[in-house]
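The values are calculated or read from the model by the stated rules, or taken from the named source; none is laboratory data. Since the structure is predicted, the reported quantities are computational estimates derived from the model, not experimental observations. A quick note on method: Cβ atoms are made from the backbone with ideal geometry, for glycine too, and the neighbour counts reach across all protein chains shown.
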Amino acid sequence: MMRWQKPLFLTEEMKTEIRRVKRSVRLRKPCHACVILLKPEGGDLMEIVPVCTLYQSYYREEYLDVIGVSKTRKEAIALVEEIIMTVFRETGGFDVRSYFRSRNGGQARKCCM
């Protein structure tokens, strides 16, 4: 089960393609994009994975919070830096999970997967 968090951090190119990416994920179709995930047991660690990796059974059985989307891995690394800086600027700390939880009222938008 994937949950798309708000705010969803996007690169400039993905701002126009996010609907296509979400649709591809929902329909399990190939898509050239990387997502930044917060895994339930990972604390505040973020994981960058290509969208096609999410279709493997390991990821389908996990509850995943998507916090960012980019076209390439290099852009995803820059996006992780932006996420960390935003969380620090707004909260004074590095607790990424709490930042998104407070923004979503403990809830997240769900996407069927």
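Can you work out which of the residues in region 51-61 that are modelled with pLDDT under 85 and exposed (fewer than 13 other Cβ atoms within 10 Å of the Cβ) is nearest to THR72 (Cα to Cα)? Looking at the filtered set, the residue picked out is TYR58. Tallying residues that are in contact (Cβ under 8 Å) with a residue 60 or more places away in the chain and under 16 Å from LYS6 (Cα atoms) within region 67-85 yields 7. Only residues that are touching a residue at least 24 places away in the same chain (Cβ under 8 Å) and within 16 Å of GLN5 (Cα to Cα): list them for region 18-39, please. Correct list: ILE18, VAL21, LYS22, VAL25, ARG26, CYS34, VAL35, ILE36, LEU37, LEU38, LYS39.
Scan region 1-50 for residues that are among the basic types (Lys, Arg) and either crowded, with 19+ Cβ neighbours inside 10 Å or closer than 19 Å to ASN104 by Cβ (or both) and the total you get is 4.
Taken over region 62-74, the residue count meeting the criterion of being modelled with pLDDT of 90 or more, buried (at least 19 other Cβ atoms within 10 Å of the Cβ) and in contact with a helix residue (DSSP H, G or I) (Cβ under 8 Å, 6 or more places away or on another chain) is 4.
Taken as a whole, region 42-52 holds no residue that is assigned to a loop (DSSP other than H, G, I, E, B), closer than 15 Å to THR11 by Cα and among the charged types (D, E, K, R).
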